[in-house]
1. Work out, step by step, the length gained on full extension between VAL210 and HIS101: first 0.36 nm times the residue separation, then minus their alpha carbon distance; give nm to one decimal.
2. Below 12 angstrom from the Cβ of GLU94, what's the summed charge of the other residues (Lys, Arg +1; Asp, Glu -1)?
3. May I ask you to sort LYS199, LYS46 by Cβ crowding, counting other Cβ atoms within 10 Å and putting the fewest first?
4. Tabulate in residue order the Karplus-calculated ³J(HN,Hα) for the range 224-230, using 6.51 cos²θ - 1.76 cosθ + 1.60 with θ = phi - 60°, rounded to whole Hz; enter x for Gly and Pro.
5. Answer with one residue from ILE120, LEU89, VAL102: the one whose Cα lies farthest towards the positive end of the charge dipole of the range 87-133, charges on Cβ with Lys, Arg +1 and Asp, Glu -1.
6. Under the rule of at least 5 residues apart or a separate chain, name every residue whose amide H is placed under 5 Å from the amide H of MET115.
7. For a quick check: sort LEU10, LEU259 by the number of other beta carbons within 10 angstrom, fewest at the front.
8. Amide H of ILE4: which non-local residues (sequence gap of 5 or more, or other chain) have their own amide H closer than 5 Å, using H built in the peptide plane?
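Quick note: the coordinates plus some simple rules give every number you see, no bench work behind them. Here the structure is a predicted model, which means the values were calculated and not measured. Cβ placement follows ideal geometry from the backbone for every residue including glycine, while neighbour counts extend to all protein chains displayed.
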Amino acid sequence: MSKISEFFGLYCKDTALDFKQAMDTQICPYTQRICTKMRKSDPEIKIGTCSVKYQYQDIIICPFRLLEHNQIFIDCLHLLTMHEPGNELYLVPEVQIPGGHVDYFLVSAKNKKVMDFIGIELQTMDTTGTVWPERQKFLSEQGIEVNPEDLNSKRSFGMNWKMTLKTILVQMHHKSETFEHLNKHLILIIQEPLYEHMKGIFNFEGIDGVRLGDPIHIHSYNFEESKNKLSLSLHTRISTDSVGIAKSLGLNAESKVELQDLIRILEPKLIETNRLRIGIPG
């Protein structure tokens, strides 16, 4: 049996689903756009693998898979401490700050003026090798014709736990001092197996529990079968500051931006297409 858990958002165990149509349209159900995971040898073909089975667990390998129902953003609303009823909520993607870009800014605004904001980073697993043979094997199991050479391929994939974690923690550390300086929150969204490896590989001694005043928050999600599909649910929350992240890595950085500078970046992006929509299909 193939190790692909989801294909273009469809649960691979549900044989009643139309996987051929998903392969033909190549639409990601979480962005409502063409899937961005392209095959290197043929960029017109999108791989479409949201999650895979690895060591008896379903592991998310595409960050857009975390956007299910926008629940991860709803779970961060309490950190918008200056948000008030009547304010609009905007979700601004890909904002550049000192230390790198932030995946999303969740912004509370009134009359298109920023009242409060938080930064949100998404991290899913980086794979080694290739998932392509497993993808083709899955399609073949559904009666869809594929290249026989793909079915005979011995290539497979693995999980790059340590490199994935080190990369995101270093990035979080670079950005943490900016958010701490601004008295704002930066939230990292990950899956529970990644969080468990994080605790085992890096020094997280003393990072336990949640304090609203901490600038850095980590939200870890379970990803389990429910009602014949895989669904996300918040499992673990912890928080710390730039010193806590530094201790886990043994690094130092100084990357800051002033509040008014960041507001000037955000306000032109408060447009209708960036309004946070709650309850959209996912």
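1. Stretched fully, the VAL210-HIS101 segment lengthens by 36.7 nm.
2. Net charge in that neighbourhood comes out at -1.
3. Ordered by Cβ neighbours within 10 Å, fewest first: LYS199, LYS46.
4. 9, 6, 8, 6, 6, 7, 8
5. LEU89
6. When sequence neighbours closer than 5 places are left aside, the close amide H contacts are SER108, ALA109, LYS110.
7. Neighbour counts put them in this order, fewest first: LEU259, LEU10.
8. Amide H neighbours of ILE4, under 5 Å, 5+ apart: LYS53.
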